[in-house]
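Q: Sharing a structure below in structure tokens format, with a few things to ask.
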Amino acid sequence: MKQVESRTGEWIIATGMALAVLIVTSVPYLVGWAASTPERVFVGFVIDVEDIHSYLAKMQLGYRGEWQYHILFTSEPHSGAYLYTFYIALGHLARLMHADLVLTYHAARLVSGLMFLITAYIFITFFLARTSERLLAFILVCWSSGLGWLALLFTGSYKVGGITPVDFWLIEMYGYFTVMLFPHTCIALTCLLLIFAFSLRFTEEARWLYLLGAALATGILSSIHAFMVLVVALTLIGYWAYQFVRGRVLWPQLPGLCAIWLVALPIVAYQYLVIVRNPVFAGWQAQNLTVSPSPWHYVLGYGLVLGLALPGGWWALRQLQRWPLLVIWLLVVVPLLYAPSVFPIQRRVIEGSGIALCLLAVPGLTRYVLPWVERIWQRVRELIGCQTTVPMVHSSPVPWLPALLIALTLPSTLLVITSASLAAAAGRPDIVVSRAELAAVEWLIEHSQPEDTILASYELSGFIAARSGRRVFMGHWAETVNLQQKRAAAVRFYSSADDTERKELLRDYGIRYVVHGPRERAMGHFDPSRVSYLRPVFRSRDVTIYRVLKE
């Protein structure tokens, strides 16, 4: 009975921690909505707004009943494909529930975030037996980040070696950051942990039900993040080989482990073929550069957790089962971070690695650092004599070290959440729209067609696609094909171009509507009301929409 009560209490604490992550990471959004005014409307997001707008645009496709993905951030016509099915399906769900897409996104973020965190705790219990160690690992998974805050403290700058420390932008490295932003990554991480957990149980018990569960999770993972299938395959094969050499697994288990990731290959092959054969998708991928920073940025980004994981990894490799998988997983990821590939997605394979590091950090702390500190402390006491009356000399620092570790991994996390909240309160230009801009987008929803292309400023275009589901001339760093040329062309359109060049741009890209408001006026002096080929069809205060007239 006491054991049952203990486990119940453990799960209550773990669930409470997970809910705390959901609440704290939602604070910037709540601040943004609270700071919203009738004249300054919060768009619903604070960090990585461009990418989240692209996910909302995909949800718009599902909301209007489509299942194939078309890029709404580029003007070139192209055929669709079954990509980003998670967000398109989420749009279908929102349509069935008559729900707002922004609120649907946040609901999905909270639900998937809770799924990921609970799965992470279950995964932790696969390795650690003591409740205190499990909870320590879980706290690190939930909240830890790196030592990038030291760069800010000592240099007063967010730039180190020419780039911002990864603590503040490489979202997939950290648990809280992923929960704060991306529901699809939370689902992908949930699947990744389930794959490894089921695979471990299969190697131990040879039950095909575990194999089926792992294969199903791999199928879902491949539909969200197909590139992670390579990590799965190499990790499982590497674990089997390591254990086979040690006499811990048998030959017949290898085909089963291979089947786990082989079932996903048709999905991976389909995605590859539709991307390389579709010129617009190929152009999108050519700009979708997510290459790795220098290795020392990763070292700084995992900081103390990495430092403790190194001795923990050495210990893990000598364990009979389960623990070596974590080390092999990391050994697979490290070369992939810098390996050439068909698509330049190097740093994205870091996804989930922080969980393995947090797990390995616990034995690194409890089996190496704490005993070493205790020995040093005893030596100090012997040197100064045991008759001292100073209380602190008799009090070992060992019990306080886990708390100190947690404290030193928190500053970057607190900086991210606090700065996001302050940005939301201040109404940074990329996270708010004016009431007139919102009214203009609402007009486009009612009066334009899905195939119409809209020209506006870069910042407003992203919001237009996300809010209306209409195609824009430009608006996303990767999904706008030939982005730099288009941004330059848009600047010329609103500033120095003559009428001949403007009409050519409108004709060549099939632009149907032109938006003219404060953001567009900031790009140049062009006055659309003075030309004959644009007719005003909507006006709200300082924002006007013009329809392009065919000549």
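Throughout, read-outs are computed from the coordinates displayed, never taken from laboratory work. For clarity, every value in this text was computed on a predicted model and none was experimentally measured. Neighbour counts run over all protein chains shown; Cβ positions are idealised from the backbone, glycine included.
Q: Let me have the relative contact order for the chain, percent, based on Cα pairs under 8 Å that are six or more residues apart.
A: 20 percent
Q: Per the Kirkwood formula on distinct C-alpha pairs, the Rh of region 72-121 is how many angstrom?
A: 12.9 Å
Q: What's the tally of Lys pairs in the chain whose alpha-carbon atoms lie under 22 angstrom apart, where the two lysines are 8 or more places apart or on different chains?
A: 4
Q: Looking at region 11-81, which GluC sites (Glu not before Pro) are in a loop (DSSP not H, G, I, E or B) and have at most 13 other Cβ atoms within 10 Å?
A: Answer by residue number: E39.
Q: Right, here's the next one. With viscosity set to 1.002 mPa s and temperature to 20 °C, compute the Stokes-Einstein D of region 434-548, Rh being the Kirkwood radius across alpha carbon pairs; µm²/s, no decimals.
A: 154 µm²/s
Q: Out of the DSSP beta bridges found with both residues in region 434-548, what percent are antiparallel (nearest 5)?
A: The answer is about 65 percent antiparallel.
Q: Let me ask another. Here are some values of semi-axes √(5λ) of the Cα gyration tensor in Å: [x] 48, 28, 20; [y] 45, 31, 23; [z] 57, 34, 19. Which one was computed from this structure?
A: The calculated read-out lines up with [x].
Q: What is the helix-to-structure angle for 101-125, meaning the angle in degrees between its Cα long axis and the longest Cα principal axis of the chain, kept from 0 to 90 and rounded to the nearest 10?
A: That works out to roughly 20 degrees.
Q: What is the dipole size for region 66-211, taken about its Cα centre, with +1 at each Lys and Arg Cβ and -1 at each Asp and Glu Cβ, in debye to the nearest 20?
A: 280 debye
Q: Kindly provide the helix-only [θ] at 222 nm of the chain, computed as the sum of -39,500 (n - 2.57) over DSSP H runs of four or more divided by all residues, to the nearest 500 deg cm²/dmol?
A: For the chain, the value works out to -20500 deg cm²/dmol.
Q: Can you tell me how much longer the chain between C258 and L408 gets when fully stretched, taken as 0.36 nm per residue apart minus their C-alpha distance, in nm with one decimal?
A: 49.9 nm
Q: Averaging sequence separations of C-alpha pairs under 8 Å and six or more residues apart, then dividing by the length of region 434-548, give the relative contact order as a whole percent.
A: Computed value for region 434-548: 28 percent relative contact order.
Q: Show me, for region 167-184, the HN-Hα J-couplings you get by feeding each phi into the Karplus relation (A = 6.51, B = -1.76, C = 1.60, θ = phi - 60°), rounded to Hz, glycine and proline as x.
A: Ordered by residue, 3J(HN,Hα) equals 3, 9, 8, 8, 4, 5, 6, 10, x, 4, 5, 5, 4, 5, 10, 10, x, 5 Hz.
Q: Convert 20 °C to kelvin, take the viscosity as 1.002 mPa s, use the Kirkwood radius over C-alpha pairs of region 261-350 as Rh, and evaluate the Stokes-Einstein diffusion coefficient in µm²/s, rounded to a whole number.
A: 137 µm²/s
Q: A further question follows. Taking the Cα centre as origin and putting +1 on Lys and Arg beta-carbons and -1 on Asp and Glu beta-carbons, what dipole magnitude results for region 434-548, to the nearest 20 debye?
A: My answer is approximately 160 debye.
Q: Also, quick follow-up: Shape verdict for region 96-167, please, from the Cα gyration tensor: rounded (a/c under 1.5), prolate (a/b greater than b/c) or oblate.
A: Here region 96-167 falls in the oblate category.
Q: Which net charge results when you count Lys and Arg as +1 and Asp and Glu as -1 among the other residues whose beta-carbon is under 15 Å from that of T366?
A: That works out to +2.
Q: If R₀ is 25 angstrom, what is the calculated FRET efficiency for the pair A522 and A99, using the beta carbon separation as r and rounding to 0.05?
A: 0.15
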